[in-house]
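**Q** I have a structure I would like to understand better, so I am pasting it below and will then ask my questions one at a time.
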Amino acid sequence: MATWSNFNFQNSASPLMEQIIFFHDHTLIILIIITMLVSYLMMSLFFNKYINRFLFESQMIELIWTILPAITLIFIALPSLRLLYLLDELNNPLITLKSIGHQWYWSYEYSDFNNVEFDSYMIDFNNIKNFRLLDVDNRVILPMNNQIRILITATDVIHSWTVPSLGVKVDANPGRLNQTSFFINRPGIFFGQCSEICGANHSFMPIVIESVPIKNFINWINNYS
C-alpha cells in the first residue's frame, strides 16, 4: 500500500506490474535525456554570440532534427506495444472472480464454486485498528502463484476496479462484461479503490485482496461453503 512521502510506485506483486515499472523507468530516462539536451541547447543559444548573416537554410540540420525524434518515438512505442499485448494475454486461469460495482460498494462471485459470493463494504475508519478509507468487512481471498481471471461489470454507473500493486485497472460498465487476468507472486494484503468518479461516495468503496497459499485458499473455500 502507499505510505507517507512515497513518490515511487508501490512494490509490485505481479509480473505485469514489474513490466509496467520497467517501462516507466525506461521512458523516464528518455525524457530526462531529452530535457537535458534541450536545456543545454537553449542555454547555449541564450549566451553565445555566434552570428551568420548568410545562413538561410540547412537541409542537413533539418534532416537530423526530423529523424532523431522519430527514432526516439520508436524506442518508446515498441516496449509500449509489447506491454499492451502482455496486459491482454489470458493464460489458462485457475479460477475466475467476478466483481460487480454498486453505488458504493463491490460484490464478488467465485464462479467456479457454488454459493461463494459476498458484498464488500468499507468498515469504520474511525477505528484506529483499521486502515483509514481502505479496509473492508469482506476481503477477496485469492491463491498466490496462480493465474486468475477477473470479470468486471457494474449495476448502476461506471466504476473502475483498480489495484496498483497488481497493475490492474479495468472499467466496470453497466451492461458490459470486461475481462482481465493477473498473477500474484507473493503473499500479502493489497489495497485498491474505485478510480472512476461514480457519485457522492466514490471515495468510500475500497478493494482489499488477500493473497494466500493455495492450501489456505482451499480451506477458506471449504469453510465458506
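The values are calculated or read from the model by the stated rules, or taken from the named source; none is laboratory data. Keep in mind the model is a prediction, meaning the values are calculated, not measured. So basically every Cβ, Gly included, is an ideal-geometry build from the backbone, and we count neighbours across all protein chains shown. These accessible areas exclude ligands, DNA and RNA; they are computed on the full protein's heavy atoms, side chains included. Shrake-Rupley method; radii C 1.70, N 1.55, O 1.52, S 1.80 Å.
**Q** If each residue of separation counts as 0.36 nm, what is the full-extension length gain between ASN52 and PHE23 once their alpha-carbon separation is subtracted? Present the calculation step by step, with values, prior to reporting the outcome.
**A** Working: separation 29, 0.36 × 29 = 10.44 nm, distance 4.30 nm.
Gain on stretching ASN52 to PHE23: 6.1 nm.
**Q** Give the shape of the range 15-88 as rounded, prolate or oblate, defined through the alpha-carbon gyration tensor: a ≥ b ≥ c are the square roots of its eigenvalues, a/c under 1.5 means rounded, and otherwise the shape is prolate if a/b is larger than b/c and oblate if not. The partial results should precede the final answer.
**A** Values: a/c = 7.93, a/b = 2.33, b/c = 3.41.
Verdict is oblate for the range 15-88.
**Q** Express in Å², to the nearest 10, the accessible area of ILE218 obtained by rolling a 1.4 Å probe over the protein heavy atoms while all chains stay in place.
**A** 90
**Q** Please turn the phi angles of the range 9-18 into ³J(HN,Hα) values with the Karplus equation 6.51 cos²θ - 1.76 cosθ + 1.60 (θ = phi - 60°), one per residue in order, whole Hz, x for glycine and proline.
**A** 5, 5, 4, 6, 10, 8, x, 5, 5, 4
**Q** Another question, then. If exposed chymotrypsin sites (Phe, Trp or Tyr not before Pro) are those in a DSSP loop with at most 12 other Cβ within 10 Å, what is the longest stretch of the chain that has none?
**A** With chymotrypsin sites (Phe, Trp or Tyr not before Pro) excluded where exposed in loops, the chain gives 57-225 as its longest stretch.
**Q** Additional query: Let me spell out the model: positive unit charges on the Cβ of Lys and Arg, negative unit charges on the Cβ of Asp and Glu, origin at the Cα centre of the chain. What dipole size does that give, in debye rounded to 20? Can you show the working numbers first?
**A** Numbers: 12 positive and 17 negative charges, 110 e Å.
Charge dipole, the chain, about its Cα centre: 520 debye, nearest 20.
**Q** Given a 1.4 Å probe, how much area per residue of the chain is accessible, in Å²?
**A** Values: 14660 Å² over 225 residues.
So the chain comes to 65 Å² accessible per residue, rounded to a whole number.
**Q** For ASN145, enumerate residues with amide H under 5 Å from its amide H, sequence gap 5+ or separate chain, H modeled in the peptide plane.
**A** ILE184, ASN185, ARG186
**Q** Looking at the chain, which longest stretch skips every one of the trypsin sites (Lys or Arg not before Pro) that is in a DSSP loop with at most 14 other Cβ atoms within 10 Å, leaving the sites themselves out?
**A** On the way: sites that count: LYS49, ARG53, LYS129, ARG132, ARG176.
Here the longest run is 54-128.
**Q** Still on this structure, please answer the following. With N residues in the chain, what two-decimal value do you get for its Cα radius of gyration over 2.2 N^0.38 Å? Don't jump to the answer; show the numbers that get you there.
**A** Values: Rg = 23.9 Å, N = 225, 2.2 N^0.38 = 17.2 Å.
Dividing the Cα Rg of the chain by 2.2 N^0.38 Å gives 1.39.
**Q** With a 10 Å cut-off between alpha carbons and a GNM built on the chain, which of ILE20, ILE33, ILE123 moves the most?
**A** ILE33
**Q** Each residue of the range 101-108 in turn: what ³J(HN,Hα) in whole Hz from Karplus with 6.51, -1.76, 1.60 and θ = phi - 60°, glycine and Pro shown as x?
**A** x, 10, 8, 9, 7, 10, 10, 10
**Q** Per DSSP H run of at least 4 residues, take -39500 (n - 2.57); add these up for the chain, divide by its residues and hand me the 222 nm value, nearest 500 deg cm²/dmol.
**A** Numbers: 3 runs with 74 residues, N = 225.
Helix-only estimate at 222 nm: -11500 deg cm²/dmol.
**Q** Roll a 1.4 angstrom probe over the protein heavy atoms and tell me the percent of accessible area of the chain that is carbon or sulfur.
**A** Details: 8910 of 14660 Å².
C and S atoms contribute 61 percent here.
**Q** Let a ≥ b ≥ c be the square roots of the eigenvalues of the Cα gyration tensor of the range 95-224; is it rounded (a/c under 1.5), or, if not, prolate (a/b larger than b/c) or oblate?
**A** On the way: a/c = 1.57, a/b = 1.20, b/c = 1.31.
It is oblate, given that a/c is not under 1.5 and a/b is not larger than b/c.
**Q** Follow-up question, since we're still on this one. Treat every Asp and Glu Cβ in the range 15-88 as -1 and every Lys and Arg Cβ as +1, leave all other atoms uncharged, and give the resulting dipole magnitude about the Cα centre to the nearest 20 debye.
**A** Numbers: 3 positive and 5 negative charges, 71 e Å.
I would put it at about 340 debye.
**Q** Provide the per-residue ³J(HN,Hα) series for the range 21-36, in order, calculated from phi with Karplus coefficients 6.51, -1.76, 1.60 and θ = phi - 60°, each as a whole number of Hz, with x at glycine and proline positions.
**A** Calculated HN-Hα couplings, in order: 5, 4, 5, 4, 5, 4, 5, 5, 5, 4, 5, 5, 4, 4, 4, 5 Hz.
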